[in-house]
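Visitor: Sharing a structure with you now.
The values are calculated or read from the model by the stated rules, or taken from the named source; none is laboratory data. All of these numbers come straight from a predicted model, not from anything done at the bench. Don't worry about glycine lacking a Cβ; one is built from the backbone with ideal geometry, like all the others, and counts go over all protein chains shown. Protein only, heavy atoms only, side chains kept; ligands, DNA and RNA dropped before computing areas. Shrake-Rupley method; radii C 1.70, N 1.55, O 1.52, S 1.80 Å.
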Amino acid sequence: MSRLTPSEIEPKWQAAWERAGCFTARHDPDRPKYYVLEMFPYPSGRIHIGHVRNYTMGDVIARYKRARGYAVLHPMGWDAFGMPAENAAMASGGHPKDWTYGNIADMRDQMKPMGFSIDWSREFATCDPEYYAQQQRLFIDMLEAGLIYRKAAVVNWDPVDMTVLANEQVIDGKGWRSGAPVERRELVQWFFRISDFSEELLEALDTLEKWPDKVRLMQANWIGRSRGLRLAFDLTAPAAGHERIEVFTTRPDTLMGASFVAVSPDHPLARALEEGDADLAAFSAECRRMGTSEEELETAEKKGYDTGRTVRHPLIEGRELPVWVANFILMDYGTGAIFGCPAHDQRDLDFARKYGLPVIDTFRPVPFSSDVESAEQEGFVSPEAGADAAFVPQKTEKVRWIDHFAGLTEATGEEAIDASIAHAEANGWGEGVVQFRLRDWGISRQRYWGCPIPVVHCEACGAVPENRENLPVRLPDDVSFDQPGNPLDRHPTWRDVPCPECGRPAKRETDTMDTFVDSSWYFARFTAPRAETPTDPEEAAYWMNVDQYIGGVEHAILHLLYSRFFARAMHITGHLPEKCREPFEALFTQGMVTHAIYQTTDDRGRPVYHTPDEVDVRETGEIVVRATGETVEVIPSQKMSKSKRNTVDPAAIVAQYGADTARWFVMSDSPPERDVEWTAAGAEAAFRHLSRVYRMAAENDPSEPGAEAEDEPLRRATARAIADVTEGIEQFGFNTSVARLYAFTNTIARSAASGAARREALKVMAQLMQPMTPHLAEEMWEMLGGEGLLAEQPWPEADPALLVEDTITLPVQVNGKKRGEITVPKDAAKDVIEALAMDEPAVQRALDGGRPKKLIVVPGRIVNIVV
Ligand code: ANZ
Ligand code: ZN
């Protein structure tokens, strides 16, 4: 056989690995362990080429570490709860469970032919009752540890689908499915106390040295630490039982420019005033119809309602400020109330201009005077003097203060904030505070296809956790999706259970958990997936932490933050050791696989997209629709999407070229953190290369005599290849490893070494290719007479003696300009180097017949000639 036939060799080697149990993770206290994990997939039904790239990266590392002698854990599972299964059930009448498990089976069937070195014995889906039973146990432990509580919270309610919508399911104020205007409703829901960990989650980011900086920054911004001041404004007359309004500000230094106070429509004062003010009630109702997301509040038009009430400025005798209710104040940040300083905040300025409120400068740029008229004469128009833009300098910039209460004249914003807080604390009118943006995590979902919250509501005892021996609280199978709403709510019997505490008739919680809960601890479960407790302490202690986590940057915030919180919660509840507070030692976020889009337009000018299989490339390079011959416009390299029809199906590639080609292609060309463009020509070239390597191994004849003297350079090249490919893998530079392997192939092909020496080089080639193209490598290993399975062989070592270069290249400069290069033996004498330098044609030309005034040899570095 001298043709590479993936359809024969790939299944053969997969079966051999399975028979030998090569990839079963074995807890071995005598060996170091390595846990490599790719973010587990949602079972949509198809694996896409992005999955292939993601899992190939993990597989390269897993295979490499195994060869390096580590006990490797490389598991796979399914993030299997969630809306799409329920939507599919609503659309086609099936059951979410059948849909999900059917998809899992399909995806497993597509994944196995890729030859990933996964320990399939540890596989689970988060919708398996064995998994969610342990999640319910964790919930109860966390509840008892005080990490979970219940409170009323505002949600987006779809009155037609009778369901709560996530913020991203509200589009222009309407439900994404029903199109009905969304209402805001208060529901009592379960919350995880993640905000208690804000400071720690923020500070520990500094210890995550093997995480991308951008991910750490995104997390830091999400946690959002703000230092500021809390102070109160006294109402000039009590209003609906309120005497003062507490506000939170990060700019207490702008207090002298305060011109109004504004509260959220959900602030207790606003709520109280609504009673006697129908217009205010109408205004607030309108505000509540908006979505609850911060983005929406930020982009919506700023609107306010003047309550007619006033407060006293705490520092300026006689200054009274109006109290407004404004749609852009969030109730759950700070105190739900602010003072506005229009001169130094754009949002406040827009608001002040819209409603005719005063604008009062508190500082100007340093070159300008501190009163309006002189500053204007000097050329600075401040907001107070009518400018449209608020004056908002960097906090580190020095500005000129107008009457700062702490006596500052010129100071930076930072200094002024410090001085303001100190002044407030010394004089008792306010208190320095640190505020975090991170909110507690609301996990209640009014859905069927999720992990049931293991709680029973009893009229006498309240919300009571289910008894642990009754876990799991199983999802009932007999549900239907022909009516809107949560089928658990209308199930005839599932809800009705005795109270676990008093035994009287009670009702189960019908909400299920946010699916982010499922993915916040699956990595710990993989260490003991069949344990009767959430984890097995010994297994967790051995396998944790995840040494290398790989996934999409789209999970950089929520999934990783929730997992970091869960690892802490699991430590507190005794399910993970202390060292697991940060469960992911190293994180890598890979780029996407992109593809060109092929577009034509129909007779009404609308775009029509064509799949890569529907087009042909002409000799001229022109790309046409095969069926019609019409020329297509090629939109280069875009994220793959079904609607643009620029996806490629891994199954089709495997059928055409085999898994190794797909794996090789997605590892080549681009650094793994960048996007890589899939092209048919590239796939073809990858296959041709692998076929060539295969032939070289198949045709090797070790008895073939070579020139013995020629063996040495090939041995050196082999040592270099080992060193470089290894470094590429260690540094996450898989593309450079692939490039080195291309070069090494050429070196072997051109070498005049003996058949036996070539065989040794080819065996190393097989070893080095094994992480990327394991089937081909295994086949080569066998053809070349390697012992046992390659998947079980140690990684090759480069002989250090062969890595030492015995020649060096020196630059030659004439009058400080580089004119040439000479390659000399490493230990060449000075006069030899001088002579070689003088012989260089470029040097001769530069000398132009002249004699050098000076010739300086810096050994091992450079030759300098002065004329
Ligand atoms: C007065 C002021 C003057 C402010 C100025 C800013 C600039 P960060 O940095 O995100 O923490 N704020 C406070 N609570 C709010 C709420 N519940 N909803 C909307 N806005 C709120 O933001 C803190 C600043 O955002 C605070 O500082 C407050 O406005 C506003 F020249 O107070 B500032
Ligand atoms: Zn009870």
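Visitor: Go through the stretch 659-697 and count every residue that is open to solvent by less than 60 Å² (accessible area, probe 1.4 Å) and over 30 Å from the mean Cα position of the chain (by Cα).
Guide: The first filter runs over the stretch 659-697 and keeps only residues open to solvent by less than 60 Å² (accessible area, probe 1.4 Å), leaving 659-668, 670-672, 676, 678-679, 682-683, 685-687, 689-691, 693-694, 696-697.
With over 30 Å from the mean Cα position of the chain (by Cα) added as a condition, the list becomes 685, 687, 689-691, 693-694, 696-697.
Number of matching residues: 9.
Visitor: When you scan the stretch 439-452, do you find a residue that is under 30 Å from K395 (Cβ atoms) and not hydroxyl-bearing (S, T, Y), even just one? Walk me through how you get there before you give the answer.
Guide: Our first condition is that a residue be under 30 Å from K395 (Cβ atoms); within the stretch 439-452, this holds for 439-440.
Now narrow it down to the ones that are not hydroxyl-bearing (S, T, Y): 439-440.
The answer is yes; a qualifying residue exists.
Visitor: If you go through the stretch 269-305, how many residues are surrounded by fewer than 16 Cβ atoms within 10 Å (Cβ to Cβ), of a type outside the set (G, A, S) and at pLDDT 95 or above?
Guide: 1
Visitor: Can you list residue pairs whose Cβ atoms sit under 7 Å apart, with the first residue in the stretch 127-144 being under 18 Å from G82 (Cβ atoms) and the second being among the acidic types (D, E)? Count only pairs 6 or more apart in sequence or on different chains.
Guide: Pairs found: Q135/D518.
Visitor: What number of residues within the stretch 345-360 satisfy the criterion of being in a loop (DSSP other than H, G, I, E, B) and farther than 16 Å from L321 by Cα?
Guide: If we filter the stretch 345-360 for residues that are in a loop (DSSP other than H, G, I, E, B), which is where we start, we get 345, 356-360.
This time we only want the ones that are farther than 16 Å from L321 by Cα, so: 345.
Of the residues in the stretch 345-360, 1 are in a loop (DSSP other than H, G, I, E, B) and farther than 16 Å from L321 by Cα.
Visitor: Being away from ligand 2 (no atom under 16 Å from the Cβ), open to solvent by 60 Å² or more (accessible area, probe 1.4 Å) and over 23 Å from A145 (Cα atoms) is the requirement here; does R437 meet it? Write out each step before concluding.
Guide: Values: away from ligand 2 (no atom under 16 Å from the Cβ): yes; open to solvent by 60 Å² or more (accessible area, probe 1.4 Å): yes; over 23 Å from A145 (Cα atoms): yes.
So R437 passes the test.
Visitor: List the number of the failed condition for Q169; all other conditions in (1) open to solvent by 10 Å² or more (accessible area, probe 1.4 Å); (2) closer than 20 Å to T589 by Cα hold.
Guide: If we test Q169 against (1) open to solvent by 10 Å² or more (accessible area, probe 1.4 Å); (2) closer than 20 Å to T589 by Cα, just (2) comes out false.
Visitor: When you scan the stretch 440-458, how many residues do you find that are buried (at least 20 other Cβ atoms within 10 Å of the Cβ) and within 16 Å of ligand 1 (Cβ to nearest atom)?
Guide: Residues meeting the conditions: 0.
Visitor: So which of D547, D511 is within 29 Å of C458 (Cα to Cα), more than 16 Å from ligand 1 (Cβ to nearest atom) and open to solvent by 10 Å² or more (accessible area, probe 1.4 Å)? Spell out the reasoning first.
Guide: On the way: D547 fails: within 29 Å of C458 (Cα to Cα).
Only one candidate qualifies: D511.
Visitor: Select, from A153, A105, A133, A91, the only residue that is outside any helix (DSSP H, G or I) and at negative phi.
Guide: Numbers: A105 fails: outside any helix (DSSP H, G or I); A133 fails: outside any helix (DSSP H, G or I); A91 fails: outside any helix (DSSP H, G or I).
Unique residue meeting the criteria: A153.
Visitor: Of (1) part of a strand (DSSP E or B); (2) open to solvent by 70 Å² or more (accessible area, probe 1.4 Å); (3) more than 16 Å from ligand 1 (Cβ to nearest atom); (4) not small (G, A, S), E431 satisfies all except one. Which?
Guide: Every listed condition holds for E431 apart from (3).
Visitor: A further question on this structure: For the stretch 93-111, check the following and say yes or no: at least one residue is aliphatic (A, V, I, L, M) and open to solvent by 10 Å² or more (accessible area, probe 1.4 Å). Explain how you work it out, then say what you get.
Guide: Of the residues in the stretch 93-111, the ones aliphatic (A, V, I, L, M) are 104-105, 107, 111.
In the following step, the residues that additionally are open to solvent by 10 Å² or more (accessible area, probe 1.4 Å) were identified as 105.
Yes: one or more hits.
Visitor: Which one is nearest to I557 (Cα to Cα), of the residues in the stretch 6-53 that are open to solvent by less than 10 Å² (accessible area, probe 1.4 Å) and at pLDDT below 95?
Guide: In this case the residue turns out to be R53.
Visitor: Out of (1) outside any helix (DSSP H, G or I); (2) over 38 Å from the mean Cα position of the chain (by Cα), what's the single condition that is false for P796?
Guide: (2)
Visitor: Report the residue count in the stretch 209-234 for those that are touching a Lys or Arg at 6+ places or on another chain (Cβ under 6 Å) and either away from ligand 1 (no atom under 13 Å from the Cβ) or hydrophobic (A, V, I, L, M, F, W, C) (or both). Full working, then the answer.
Guide: The first filter runs over the stretch 209-234 and keeps only residues touching a Lys or Arg at 6+ places or on another chain (Cβ under 6 Å), leaving 224, 232, 234.
With either away from ligand 1 (no atom under 13 Å from the Cβ) or hydrophobic (A, V, I, L, M, F, W, C) (or both) added as a condition, the list becomes 232, 234.
Residues meeting the conditions: 2.
Visitor: Anything in the stretch 212-234 that is open to solvent by less than 10 Å² (accessible area, probe 1.4 Å) and in contact with a strand residue (DSSP E or B) (Cβ under 9 Å, 6 or more places away or on another chain)? List them, or say none. Reasoning before the result, please.
Guide: First pass over the stretch 212-234, keeping only residues open to solvent by less than 10 Å² (accessible area, probe 1.4 Å): 215, 219, 223, 228-229, 231, 233.
Passing the criteria: V215, I223, G228, L229, L231, F233.
Visitor: If the requirement is being farther than 26 Å from V72 by Cα and not aliphatic (A, V, I, L, M), which of these qualifies: K763, K830?
Guide: K830
Visitor: Applying the selection to the stretch 161-220, what residues are on the phi > 0 side of the Ramachandran plot and without any contact (Cβ under 8 Å) to a residue 40 or more places away in the chain?
Guide: First, the residues of the stretch 161-220 that are on the phi > 0 side of the Ramachandran plot: 162, 172-173, 179.
Residues satisfying the conditions are D172, G179.
Visitor: Looking only at the stretch 809-844, which residues are outside any strand (DSSP E or B) and open to solvent by less than 40 Å² (accessible area, probe 1.4 Å)? Before the answer, list the steps.
Guide: So in the stretch 809-844, the residues outside any strand (DSSP E or B) come out as 815-816, 826-844.
Of everything in the stretch 809-844, those that are outside any strand (DSSP E or B) and open to solvent by less than 40 Å² (accessible area, probe 1.4 Å) turn out to be A828, I833, A837, M838, A842, V843.
Visitor: Let me ask you something else. Open to solvent by less than 30 Å² (accessible area, probe 1.4 Å), within 16 Å of ligand 2 (Cβ to nearest atom), out of contact with any Ser or Thr (no Cβ under 7 Å at 6 or more places or on another chain) and in contact (Cβ under 8 Å) with a residue 12 or more places away in the chain: which single residue out of C461, C499 fits that description? So that I can check it myself, show each step before the final result.
Guide: Values: C461 fails: open to solvent by less than 30 Å² (accessible area, probe 1.4 Å).
Just one listed residue meets the conditions, C499.
Visitor: Of everything in the stretch 375-423, what is open to solvent by 30 Å² or more (accessible area, probe 1.4 Å), over 16 Å from M256 (Cβ atoms) and of a type in the set (S, T, Y)? Give them in sequence order.
Guide: T396
Visitor: Given A89, A133, A80, which one is more than 30 Å from I61 (Cα to Cα), open to solvent by less than 30 Å² (accessible area, probe 1.4 Å), in contact with a helix residue (DSSP H, G or I) (Cβ under 6 Å, 6 or more places away or on another chain) and not acidic (D, E)? Break it down into steps so the answer makes sense when it comes.
Guide: On the way: A133 fails: in contact with a helix residue (DSSP H, G or I) (Cβ under 6 Å, 6 or more places away or on another chain); A80 fails: more than 30 Å from I61 (Cα to Cα).
Answer to the selection: A89.
Visitor: Moving on to the next point. Looking at the stretch 323-368, which of the residues that are of a type in the set (S, T, Y) and within 22 Å of L229 (Cα to Cα) is least open to solvent (accessible area, probe 1.4 Å)? Full working, then the answer.
Guide: If we filter the stretch 323-368 for residues that are of a type in the set (S, T, Y), which is where we start, we get 333, 335, 355, 362.
Those left that are additionally within 22 Å of L229 (Cα to Cα): 333, 335, 362.
Values: Y333: 60, T335: 23, T362: 3 Å².
Ranking the qualifying residues of the stretch 323-368, first place goes to T362.
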